[in-house]
Amino acid sequence: MWPSFVPGISSCSLLLGSSYRVNSYQRNVLDSQVCFSNGFSFGVATASYQIEGAWNVSGKGESIWDRLTHAHPEMILDHQNGDVADGSYYKVKEDVALMVELGVSFYRFSVSWPRILPNGLSNYVNEDGVRYYKELIAELHRNNITPVVTMYHWDLPQCLQELGGWTNPIMADYFVDYARVLLDTFGDEVRIWLTFNEPYSFCEDGYGGLDAPAANSSGFEDYMCGHNVLRAHGMVYRMFDNEYREKIGGHMGITLDFAWLEPATTSVEDQQAAETARQFYFGWFAHPIFSESGDYPPIMRSLIDENSKRQGFHRSRLPYFTSEEVEMIRGSYDFLGLNHYTTYLVKRGSQRLNVQPSFKEDMNAVRFQRDDWPKTNSTWLKVVPWGFRKLLNWVRLNYRNPKTLITENGVAYPRGLRDTKRVKFIDSYLRSLHTAIYQDGCFVIGYTYWSLLDNFEWTRGYTERFGLYEVDYQSPDLTRTAKLSAKYFTNVAKTGCLPNNFADYTYDTD
Ligand code: GBH
């Protein structure tokens, strides 16, 4: 799935002639049709806690999401949990068959740390956890689907949270031990690794907010979490580089989420506020790894240092890396995994939260969305396809055009198989992505739809459905049924082209 082409303006020519994928699936290719080049891959994604269920069977340990949903169901919108979820733990063949139907070339899933190491530590490996992921990986290979494996998609072993979780510096060492188990166990069959999914989300929402472990300590614990996660990522990447790459090959990256941040007005003040917000929301994790100079973004460093001082703290609330750590983390990637869903406008100003110091107060900028942007079934997600192109270009210009895999993009709408809105969402975002690649020269090698299946959406429970396949949570076998968007995505994945019209995908009644 790793193309040799280096995109640039000239790669526009790829749109003509020879690099069309021509197969029996392709109908009436017109010259104007929007096509991705041959090397470009399409896939789908999920995450362990959101789909597996089987939360306490066959030796699995408790995770921080098991704990939160059991102890505080009132903190989940529908008071539900991932105990059963989509039952994917029991449906390896069934789920992979859906991917075969879609014609995708890769599957991004995550490994549950407490399923492999029930207590979090590597002195005891749970063999049934190993068996499950081995079966899944083998079934993928049998069907020519490349596994893309995320080591950490938010389900920390509860035992490690008792030690402070990601706020404790020793967590980086324990993550290295866990990663070593994964590389030793699955390294021969997995070539593409992501260390973390969206550190911003789990540090800010988990340690700064009310996602598990719900530490709700923004401006302190979020920064500690980020610091240790960046160290953990760098350490695992260096271990991979020094001890595994030659033996087993492969590629390692990290997935960061980036909602595009557009200035609310053309005023210099708002332009600056938007750029500061980009450095806080995205640069916090991207700058130490992907920038030429490494370390935290200078604006983040100086604002948090100044604020901390003014607030009477003896030291900055944003920890400092040693110069060895800066070097270790700088450049610790083979590719960037990018999650993108939506866009916000930004203006200068305080949130006036009137509380303790916080991440949002530190940046002195406010983020909001326009009421006339199309709504979805997620309060935070409005449909703004042009933001996709803008953020990809910002990444290209700021981080020397890194090789990028879109590891998530998707949308939730109310239950229903005739999901024409989802078809339009995917189509419009893919058009924006296409322009970024073939007109602007952004180096993007693949696109992953979130998600294969409806699933447990964290604090939103089962109220938000992102799947190409609907899951019937009332049926005993958790029946999966293709939505219209699955049919659309099949066509895209198999031809590499976007259909010229939606005639096949829309209904008169819509
Ligand atoms: C992704 O994050 C996750 O990686 C994935 O697990 C998840 O299923 C998918 O989104 C869809 O939700 O509710 O107003 O507090 C995307 C980034 C960051 C978006 C946290 C939602 C919470 C906003 N997410 N954010 S709010």
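The values are calculated or read from the model by the stated rules, or taken from the named source; none is laboratory data. Note that the structure is a prediction, hence the values are computed from the model and not measured. FYI the Cβ positions are ideal-geometry reconstructions off the backbone, even for glycines, and counts take in every protein chain you see.
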If we scan the range 5-15, do we find a residue that is crowded, with 20+ Cβ neighbours inside 10 Å and either in a helix (DSSP H, G or I) or modelled with pLDDT under 95 (or both)?
yes
Positions within the range 196-253 being on the phi > 0 side of the Ramachandran plot and among the polar types (S, T, N, Q), in sequence order:
ASN216
How many residues are more than 14 Å from the ligand (Cβ to nearest atom) and either touching a Gly at 6+ places or on another chain (Cβ under 7 Å) or closer than 27 Å to ASP440 by Cβ (or both) when one looks only at the range 338-357?
5
Considering only the range 182-194, state which residues are assigned to a loop (DSSP other than H, G, I, E, B) and over 21 Å from the mean Cα position of the chain (by Cα).
GLY187, ASP188, GLU189
Here is a check on your reading of the model: is GLU361 away from the ligand (no atom under 16 Å from the Cβ), without any contact (Cβ under 8 Å) to a residue 24 or more places away in the chain, part of a helix (DSSP H, G or I) and not basic (Lys, Arg)?
no
Sole residue being within 20 Å of LEU405 (Cα to Cα) and at pLDDT 95 or above, chosen from TYR89, TYR49, TYR107:
TYR107
Filter result for VAL411 (in contact with a Ser or Thr (Cβ under 6 Å, 6 or more places away or on another chain), within 30 Å of LEU68 (Cα to Cα), among the aliphatic types (A, V, I, L, M) and modelled with pLDDT of 95 or more):
yes
Criterion first (within 17 Å of TYR281 (Cα to Cα) and either within 16 Å of the ligand (Cβ to nearest atom) or surrounded by fewer than 18 Cβ atoms within 10 Å (Cβ to Cβ) (or both)) does VAL366 satisfy it?
yes
When you scan the range 241-259, do you find a residue that is in a loop (DSSP other than H, G, I, E, B) and under 27 Å from GLY387 (Cα atoms), even just one?
yes
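Within the range 375-397, count every residue that is without any contact (Cβ under 8 Å) to a residue 12 or more places away in the chain and either within 18 Å of the chain's Cα centre (by Cα) or within 16 Å of the ligand (Cβ to nearest atom) (or both).
So the answer is 2.
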With respect to the numbered conditions (1) buried (at least 23 other Cβ atoms within 10 Å of the Cβ); (2) closer than 16 Å to PRO114 by Cα; (3) not small (Gly, Ala, Ser), which one is the sole condition not fulfilled by VAL176?
(1)
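State whether one or more residues within the range 494-504 are part of a loop (DSSP other than H, G, I, E, B) and under 23 Å from the mean Cα position of the chain (by Cα).
Pass one, the range 494-504, residues part of a loop (DSSP other than H, G, I, E, B): 496, 498-504.
Now drop any that are not under 23 Å from the mean Cα position of the chain (by Cα), which leaves 496.
Yes: one or more hits.
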CYS203: passes all of (1) in contact with a Cys (Cβ under 7 Å, 6 or more places away or on another chain); (2) surrounded by fewer than 20 Cβ atoms within 10 Å (Cβ to Cβ) but (2)
Restricted to the range 116-131, and to residues that are without any contact (Cβ under 8 Å) to a residue 60 or more places away in the chain and of a type outside the set (A, V, I, L, M), which residue is surrounded by the most Cβ atoms within 10 Å (Cβ to Cβ)?
GLY120
Filtered residue count, the range 180-200, keeping only those that are of a type outside the set (Ser, Thr, Tyr), surrounded by fewer than 24 Cβ atoms within 10 Å (Cβ to Cβ) and more than 16 Å from the ligand (Cβ to nearest atom):
12
Here is a list: ASN168, ASN143. Which entry is surrounded by fewer than 20 Cβ atoms within 10 Å (Cβ to Cβ) and either modelled with pLDDT under 95 or closer than 27 Å to GLU101 by Cα (or both)?
ASN143
Away from the ligand (no atom under 16 Å from the Cβ), more than 30 Å from ILE192 (Cα to Cα), of a type in the set (Lys, Arg) and touching a Phe, Trp or Tyr at 6+ places or on another chain (Cβ under 7 Å), is that true of ARG317?
yes
Restrict the check to the range 161-181 and report whether at least one residue is of a type outside the set (Gly, Ala, Ser), part of a loop (DSSP other than H, G, I, E, B) and within 23 Å of GLU457 (Cα to Cα).
no
ARG400: under 29 Å from ILE192 (Cβ atoms) and free of Cβ contacts under 8 Å to residues at least 60 places away in the same chain, yes or no?
no
Would you mention how many residues in the range 444-472 are part of a loop (DSSP other than H, G, I, E, B) and either more than 16 Å from the ligand (Cβ to nearest atom) or hydrophobic (A, V, I, L, M, F, W, C) (or both)?
5
